[in-house]
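What follows draws every value from the coordinates through simple rules; no lab data is involved. Just so it is clear, the model here is predicted, and its values are computed rather than measured. Cβ: placed from backbone, ideal geometry, glycine included. Neighbour counts: every protein chain shown.
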Amino acid sequence: MRVVIAEDSVLLREGLARLLAENDFDVVGTCDTPDELLLKVRSYEPEVAIVDIRLPPTHNDEGIRAAEAIREHHPSVGVLVLSQYVELGLALKLLEESAERIGYLLKDRVSDVKEFTTAVRRVGDGGSAIDPTIISQLLGRRRHDSLLDRVTPREREVLELMAEGRSNQGIAERLVVTERAVQKHITSIFEKLGLTVSCDDHRRVLAVLAFLRS
Amino acid sequence: MAASVPRVLGEVRRGVPRHLGITVSSHWFRVAVCVLGIATAPLIVVRIVRDGGSEALDTTLVLTVLVAWSFVASGFVAWDRRPENRLGALLVLLGVWWTAGHLMQPPTFSSPFVLTVGELWRLVWTFGFVYVLLAFPRGGLTRRVDMLLAVIVFVAAVPLQVLWLLFLDQPENAFVVWPRPATADAIDSAQRIIWLAVAVVLVAMFAKRWLDATPPLRRTLAPVVAGGVTVLVFSLYVIVDKFREVPLFLLWCLLAAYTAVPMALLWSMLRARLARSSVADLFLELRARPAPAELAGALSRALRDPSLTLAYWLPQYESYADLEGRPVKLSKETDGTRATTLIDVDGRHVAALLHDPSLREEQELLDAVSAAAGIALENAQLQAELRARLDELRASRVRILEAAQVERQRLERNLHDGAQQRLVALSLELGLLETQFADDPQSKQQLKQAREELGRSLQELRELARGIHPAVVTGHGLAVALETLAARAPLPVRLTVDLDERLPERHEVAAYYLVSESLANVAKHAQATAVTVDVAYSDERLVVEVVDDGKGGANTDTGSGLRGLADRVEALDGRLRVWSAQGSGTRVRAEIPCA
């Protein structure tokens, strides 16, 4: 899987490149500015672009704007946005239209190599990777919701992992259960929340997010 | 009432006229001279009546008397009002001189000597008349061109007239020495040509003066207009007289024009006197204790100068300011477009009037208005001073808050680019190491623990950095930042953000802190079950409202958090209000102007 990295901290950029290379990714380019990023994406058409949210020159929203530009002009390129903070508002903005080929993770997540590389792959394969912090913030907002109260604790775990963008297989691995069991939980959750079941992972993410936002 | 003493700033009045040699300070002396002038004028008629004159002559004589009276009367008014301005005395003198000149004619006198002197005498009067026109309104000649014109007219009227008489061959000419009609005629023509040349310059000058004048100044220029007309009529007379006998009608026009000049002067002085009744109106207005903001309007009405403005003297800043405390610069240039009158109360400088220079011509009015406004001006000065100090205070509060803001931003940036990045890179290294120890469960476990510990440190560092400065506000705007705040609040928050575009950073940061602090207060004290946060922009104001359904009774004075928020909001000229009745929730509302 071909990856481009835009990150202005040298330590982190080199670390990321090494981490991905050691895990069978093809790091075709690294850079530290939004312009270079767009150039590299145009030239290499990678599967995933990993973008630091704070990029020069102002370190304000250049990263997000670059991510949005890539999604608009290169819809086949997955974008994984990394940040020291995850902001619910930004996540909602990024997921506004689709949950396809998009990821938004805390930088800390890079320390769990397996989890992180899975997330990158998911984004590259057309899925999504939403930071658990975002999901818990969303769930926090629905704390006193009677519908959510009907969901069992196990189902709630499944719901959270599903909202992060994981596939049934991913959820099953994570919870150490069979995919069949996961599917059963999901059907139950959708029934309880009154959502229509979709087998498409990212549609499913959007449906869950929409429910959590409402 | 404290006495106010106006001073004149900037333009030093140049060419203050020198006084006549005689002492003319006594009012009764002036009255006596003028009564004499008025009383003797009818003698002009008496001599004709004795002569058994015709009706046509009567009209001429009545006009002739009117000329004398108009000069004496208006001269008296001017002289009595402003003894230091010799224009009044000059006018009275011209009136008396006129009468005397017209008495030196047959049949009152028949001696050729007196008649010849009379001829000369009347021409000297003409010179005096032109001098008055040039000297208006100051009473003296201040400009080089005025002096030059006066000298030319004098030469034409006196020395050339004497020269002419030396050659004029006529029986009633007592001065004839060499009777040569041709020479006399040449001199006469020269005199008339010189006059006509002077007349052109005079009319042009008067026209320019009128055109250049500001509207308030034009009100005082009526005598100049009358003077211009008179010069034209007299020129016509001079031309016609050379070739044929002057028609009576033209003579009457000339006499009427002569009368018009002092009459116009009298009118403009009476008008000024009427203006002084506006001082009485001003007194009444000031007794009603007008708000300082209405003071400039009242003074402007009293002085009939719509362009009038006030500048208040702020002693500790050693500068002038308007009522809002904004600095005002007094121009010291004498370009003549604005004039400044300084007003002192009890020897303390209080304010400056910035007005049209023409008001200088109505110095008494200016003095009276300044004196009347004294106390009210003092009050307004205090207000201006207060505002200036408030402005300074507000500016310093803004500076302090902004300096703190910049410092926090710098700290956050340093943390982000330094410690946080390094720790993330370190945790990445640990993660990589961990994968390399796949077959050493103990080391792998230890590495995992270290990695998780590092993750917690990063989490704490992140919270710390966020508390120092919400970088997300700067980076992504208020709406995004508030979304997270609402999500992280320990109770349900209904958030509505209605902003079309980004606002200035300090407004966004203030609103962010306002919501953040309010939500923290609600969580800590309110025992609320729900909060609504509304952020909207309307009418060039950012409005932030946080309402909870808790127990209310929040104290705005003891809560340093609320006080700090109020400081932030007020530093941006906004208002923070808190409603917190016992038992009915708390509502915090901030309105921040934001164009």
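Would you mind pulling out the separation of the Cα centroids of the range A:43-90 and the range B:460-512, in Å?
The distance from the Cα centre of the range A:43-90 to that of the range B:460-512 comes to 21 Å.
Averaged over its residues, how many other protein chain Cβ atoms are within 10 Å of peptide B:475-485's Cβ atoms?
On the way: counts 13, 9, 4, 1, 3, 9, 5, 2, 9, 10, 3.
If you average over the peptide's residues, the count of other-chain Cβ atoms is 6.
Give me the base-10 log of I(q)/I(0) for the range B:286-389 at each q in 0.21, 0.23, 0.25 Å⁻¹, Debye formula, one uniform scatterer per Cα, rounded to two decimals.
Those come out to -1.13, -1.34, -1.53, one per q.
Once label points are set 7 Å from the Cα along Cα→Cβ at both B:THR183 and B:ALA403, what is their separation, rounded to one decimal in nm?
Label-label distance for B:THR183 and B:ALA403, simple model: 9.4 nm.
Averaging sequence separations of C-alpha pairs under 8 Å and six or more residues apart, then dividing by the length of the range A:1-128, give the relative contact order as a whole percent.
Numbers: 235 pairs, mean separation 28.3, N = 128.
After rounding, I find 22 percent.
Please report the antiparallel percentage of the DSSP beta bridges confined to the protein assembly as shown, to the nearest 5.
If I count the DSSP bridges inside the protein assembly as shown, around 60 percent turn out antiparallel.
Using r as the Cβ-Cβ distance of B:GLU540 and B:TYR317, and R0 as 35 Å, what FRET efficiency do you calculate, to the nearest 0.05?
Working: r = 31 Å, r/R0 = 0.87.
E between B:GLU540 and B:TYR317, to the nearest 0.05, is 0.70.
Tell me, which longest segment in chain B has none of the GluC sites (Glu not before Pro) that fall in DSSP loops with at most 10 further Cβ atoms within 10 Å?
Between the exposed loop sites, the longest stretch runs B:1-244.
If Lys and Arg each add +1 and Asp and Glu each add -1, what is the summed charge of the other residues whose beta carbon sits under 13 Å from the beta carbon of B:SER307?
+1
Through the Karplus equation 6.51 cos²θ - 1.76 cosθ + 1.60, θ set to phi - 60°, convert the phi angles of the range A:108-116 into ³J(HN,Hα) values in whole Hz; use x for Gly and Pro.
So the Karplus estimates, Gly and Pro as x, are 3, 4, 5, 6, 9, 4, 5, 4, 5 Hz.
Against the longest alpha carbon principal axis of chain A, how many degrees, from 0 to 90 and to the nearest 10, is the axis of helix A:153-164 turned?
For helix A:153-164, the angle is close to 30 degrees.
Report for chain B the percent antiparallel among DSSP-assigned beta bridges with both residues inside it, nearest 5.
So the antiparallel bridges amount to about 85 percent of the total.
Can you give the net charge of the other residues whose Cβ lies under 15 Å from the Cβ of B:PHE243, counting K and R as +1 and D and E as -1?
On the way: positive: B:ARG192, B:LYS242, B:ARG244; negative: B:ASP185, B:ASP188, B:ASP241, B:GLU245.
Residues near B:PHE243 contribute -1 overall.
Cα convex hull of chain B: how many Å³ per residue?
Once divided by residue count, the hull of chain B is 252 Å³.
Over all directions, what mean area does the Cα convex hull of the range A:57-135 project, stated in square nanometres?
If I average the Cα hull's projected area over directions, I get 5.1 nm².
Using 1/(1 + (r/R0)^6) with R0 = 25 angstrom and r between the beta carbons of B:GLN436 and A:GLU173, what's the FRET efficiency to the nearest 0.05?
Details: r = 22 Å, r/R0 = 0.88.
Calculated value: 0.70.
In whole Hz, with x marking every Gly and Pro, tabulate ³J(HN,Hα) for the range B:353-358 from phi via Karplus 6.51 cos²θ - 1.76 cosθ + 1.60, θ = phi - 60°.
8, 9, 9, 5, x, 5
Can you give the net charge of the other residues whose Cβ lies under 11 Å from the Cβ of B:GLY88, counting K and R as +1 and D and E as -1?
Value of the local net charge: +2.
With θ set to phi - 60°, apply the Karplus curve 6.51 cos²θ - 1.76 cosθ + 1.60 along the range A:184-197 and write out the HN-Hα couplings as whole Hz, x wherever there is a Gly or Pro.
Once rounded to whole Hz, the list reads 5, 4, 4, 4, 5, 4, 4, 5, 5, 8, x, 9, 7, 5.
How big is the Rg/Rh ratio for the protein assembly as shown, C-alpha atoms only, Rh by Kirkwood, two decimals?
1.35
Which of the DSSP-defined H helices in chain B satisfy a minimum axial length of 30 Å, computed from C-alpha atoms, and a minimum mean Kyte-Doolittle hydropathy of 0.0? Numbers along the way, then the final one.
Details: long enough: B:55-81 (39 Å, 1.04); B:112-135 (34 Å, 1.47); B:181-212 (46 Å, 0.91); B:222-243 (33 Å, 1.73); B:248-287 (58 Å, 1.14); B:363-415 (72 Å, -0.28); B:441-468 (40 Å, -1.22).
Once both thresholds are applied, what remains is B:55-81, B:112-135, B:181-212, B:222-243, B:248-287.
How long is the range B:476-593 along each principal axis, judged by its Cα atoms, biggest number first, in Å?
Its Cα atoms span 36, 28, 21 Å along the three principal axes.
Going through the cross-link list A:LYS114/B:LYS524; A:LYS40/A:LYS107; A:LYS184/B:LYS444; A:LYS40/A:LYS184, which pairs have a Cα-Cα distance over 32 Å in this structure? Please list the in-between numbers first.
Details: A:LYS114/B:LYS524 40 Å; A:LYS40/A:LYS107 22 Å; A:LYS184/B:LYS444 35 Å; A:LYS40/A:LYS184 43 Å.
In this structure, A:LYS114/B:LYS524; A:LYS184/B:LYS444; A:LYS40/A:LYS184 exceed 32 Å between Cα atoms.
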